[in-house]
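The values are calculated or read from the model by the stated rules, or taken from the named source; none is laboratory data. Keep in mind it's a predicted model, so treat the numbers as computed, not measured. Every residue, glycine among them, receives a Cβ derived from its backbone with ideal geometry; neighbour counts consider all protein chains shown. For accessibility, only protein heavy atoms count, side chains too; no ligands or nucleic acids. Shrake-Rupley method; radii C 1.70, N 1.55, O 1.52, S 1.80 Å.
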Amino acid sequence: MKIIVGPASNGLGEKICSLTDLEKVRLSFKQFPDGEVYVRLLDDVNRVDALIIQSLSPPQDRNLMLLLQLISAFKTNGGGEASVVIPYMAYARQDKMFMKGEPVSAHLVARLIEAAGADRVALVEVHSDIAAQGFRNGILIEVTKTFAEHYLRIGFEKAYVVAPDKNATPRAKRLADMIGGGVGWVEKTRDKETGFVSSTEGELNPAGRKTILIDDIISTGGTIVEAIKLLKGKGAFQISVACIHGIFVGDAYERIMDTGASSILSSDTVETRYSNISVADDIVKTLRENDWL
Ligand code: R5P
């Protein structure tokens with residue numbers, strides 16, 4: 001098996017290469033003057049299976065198109081089984097028709113990836129099970145253990161773990177169980193038209209406690225900022241923010257820090273200058289457990 005590392009996952013792909021000894025397929029990319037993107041595999045892939053890794057991080061549409069072309073180039077050139085790892089699955093939040101007239105974009109993206117030739121797909125902490133169900137042959141990669149190990153290393157044993165939205169409570173609970181802490185949640189509502197977030201206390205008891213506020217995605221930071229305000233109002237002692245997929249639109253990172261976070265942990269599923277923890281081990285471990293490697 002060889003590995004094809006897409007440009008949105010260069011850092012993570014390198015780490016996976018060094019953990020697995022997979023041989024990397026050399027690639028070339030270019031962009032035409034009108035904006036279209038081009039990829040070419042520089043090594044022979046005839047009768048070879050491949051692990052193809054590419055995040056759908058911003059710019060999402062371009063990175064999706066690059067992934068589709070990488071898969072298609074592999075198959076068109078005689079490649080065998082295409083096992084695709086998607087560290088961050090874009091459009092996963094549009095996993096149903098919230099308002100009449102909308103598409104289910106998560107399932108559309110899944111169909112495109114399968115139509116390009118993906119035989120099986122591994123998704124890292126995808127936003128919802130419904131989004132993942134768009135793939136006929138998919139597995140889920142969970143990374144809470146890596147986050148828990150980090151928090152245990154930096155003295156957050158028994159910290160209070162908070163989900164900034166009731167739907168995000170299962171992840172918070174998994175982390176709380178691993179570090180021996182309690183769990184709470186914020187009640188969040190988002191205006192479907194404007195996207196404006198307002199949060200009220202759900203179940204919160206952070207007074208005097210080290211607190212970890214964890215969500216799957218940070219985009220504009222609005223969700224986390226609202227939750228920090230509530231936690232501070234209830235006397236949380238130290239608030240560390242964690243997300244799997246840190247997109248940090250505009251000055252989101254700075255706004256979160258200015259609101260009172262002591263630190264922000266975000267993984268390399270979305271590679272930005274703020275990524276400070278890697279999920280490479282979790283990916284390799286899950287792929288091995290599922291006999292992909
Ligand atoms: C939404 O359901 C997600 O889990 C995140 O809470 C959301 O995407 C965060 O977005 P923002 O940072 O823009 O509030």
Semi-axis lengths (Å, descending) of the ellipsoid that matches the C-alpha gyration tensor of the range 57-130: 24, 12, 11
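Just the accessible area per residue of the range 116-224, please: how many Å² with a 1.4 Å probe?
On the way: 4930 Å² over 109 residues.
With all protein chains present, the range 116-224 gives 45 Å² per residue.
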Computed [θ] at 222 nm, helices only, for the chain once each DSSP H run of length n ≥ 4 contributes -39500 (n - 2.57): -9500 deg cm²/dmol
Heavy-atom accessible area ranking, 1.4 Å probe, most first, across Trp292, Trp185: Trp185, Trp292
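Would you please name the chymotrypsin sites (Phe, Trp or Tyr not before Pro) within the range 50-154 that are DSSP coil residues with at most 15 other C-beta atoms within 10 Å of their C-beta? It would help to have the intermediate numbers written out before the result.
Values: sites: Phe74, Tyr88, Tyr91, Phe98, Phe135, Phe147, Tyr151; in loops: Tyr88, Tyr91, Phe98, Phe135.
Of the chymotrypsin sites (Phe, Trp or Tyr not before Pro), the ones in loops of the range 50-154 whose Cβ has at most 15 other Cβ atoms within 10 Å are Phe98.
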Alpha-carbon centroids, the range 35-109 and the range 219-260: separation in whole Å: 31
Sequence-separation-based contact order of the range 160-232, relative, with Cα cut under 8 Å and 6+ spacing, percent: 35
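At most 10 other Cβ atoms within 10 Å and a DSSP loop assignment: could you name the trypsin sites (Lys or Arg not before Pro) in the range 239-293 that fit?
On the way: sites: Arg255, Arg273, Lys285, Arg288; in loops: Arg273.
In loop regions of the range 239-293 (DSSP not H, G, I, E or B), the sparsely surrounded trypsin sites (Lys or Arg not before Pro) are Arg273.
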Column: log10 I(q)/I(0), Debye, Cα scatterers of the chain, q = 0.09, 0.12 Å⁻¹: -0.45, -0.78
Longest segment of the chain lacking GluC sites (Glu not before Pro) that sit in a DSSP loop with at most 11 other Cβ atoms within 10 Å: 37-192
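How high is the relative contact order of the range 44-114, in percent, counting Cα pairs under 8 Å that sit 6 or more residues apart?
Details: 90 pairs, mean separation 25.1, N = 71.
Here the relative contact order equals 35 percent.
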Contact order normalised by residue count of the chain, Cα under 8 Å, 6+ apart, percent: 14
Share of alpha-carbon pairs per 5 Å distance bin for the range 4-98, given as whole %: 3, 13, 23, 24, 19, 11, 5, 2, 1
Neighbour cut-off at most 13 other Cβ (10 Å), DSSP loop, trypsin sites (Lys or Arg not before Pro), the range 26-103: Arg26, Arg47, Lys96, Lys100
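Given just the C-alpha atoms of the range 232-293, how large is their convex hull per residue in cubic angstrom? Walk me through the numbers before you get to the answer.
Values: hull volume 6.7 nm³, N = 62.
Each residue corresponds to 109 Å³ of Cα convex hull volume.
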Equivalent-ellipsoid semi-axes of the range 83-125, from the Cα gyration tensor, Å, largest first: 22, 12, 5
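Give me D for the range 17-157 in µm² s⁻¹, whole number, from Stokes-Einstein with Rh from the Kirkwood sum over alpha-carbon pairs, 20 °C and 1.002 mPa s. Mind showing how you got there, number by number?
Values: Rh = 16.6 Å.
Once the numbers are plugged in, D ends up at 129 µm²/s.
Given the range 1-56, report the % of alpha carbon pairs whose separation exceeds 19 Å. Please report the intermediate quantities before stating the final value.
Working: 485 of 1540 pairs.
Pairs farther apart than 19 Å: 31 percent.
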Protein-only accessible surface order, largest first, of Phe237, Phe248, Phe32 at 1.4 Å: Phe237, Phe32, Phe248
